[in-house]
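In what follows, a structure is listed as structure tokens, so that the remarks can point back to it.
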Amino acid sequence: MLRGGCLCGRIRYEIVGPVGKALYCHCSMCRKSHGTAFRARLSVPKTSFRFIQGEDLLTSYRSSEDTVKTFCQICGSPIVNSWQPEPDSYGLAMGTLDDDPGVRPLCHEFAGSKAPWYEITDSLPQYQGFPAP
Ligand SMILES: [Zn+2]
Ligand SMILES: [Zn+2]
């Protein structure tokens, strides 16, 4: 089992079961919503994920037609995104995990939108948009 939660500790979740792939997203929306150079996103099947505390403190924002970002309304920690093309999974804000999920990000997506002050220094594949399947 993996556990995680928001900065203020009011929202807690657990993941039981398999997790999907992880990646780094450099798109401008992820940079804004996370306030960082990029977002680390772990795909988690909805059947593996459940809130154990504070679900009523979540609030959400539709950042684009197919994306809803859900975050703690007290401390602002991003928790999960829903993305229409993957209706059975959440995009988990990987930094909210307390435990090691075992998987590592495989690539950089939207590398063409990355912050000019950030240099990608690893050798993972970089995609201008979404990764090739
Ligand atoms: Zn919080
Ligand atoms: Zn993004």
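Values as computed for the structure displayed
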| quantity | calculated |
| --- | --- |
| Within the stretch 92-122, chymotrypsin sites (Phe, Trp or Tyr not before Pro) in DSSP loop having at most 14 other beta-carbon neighbours inside 10 Å | W117, Y118 |
| Of I52, Y118, I74, farthest towards positive along the dipole that unit charges on Lys, Arg, Asp, Glu beta carbons give the chain | I74 |
| Set of lysines near K114 by C-alpha distance (under 16 Å), chain-local residues within fewer than 8 positions excluded | K32 |
| Ascending count of other beta-carbon atoms within 10 Å, so fewest first, for D66, D100 | D100, D66 |
| For G20, residues with placed amide H under 5 Å, excluding near neighbours | S43, V44 |
| Compactness index (Cα Rg / 2.2 N^0.38 Å), the stretch 1-111 | 0.97 |
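Where a number appears in this text, it was derived from the coordinates with a stated rule and is not lab data. Note that the structure is a prediction, hence the values are computed from the model and not measured. Virtual Cβ from ideal backbone geometry, glycine too; neighbours counted across all protein chains shown.
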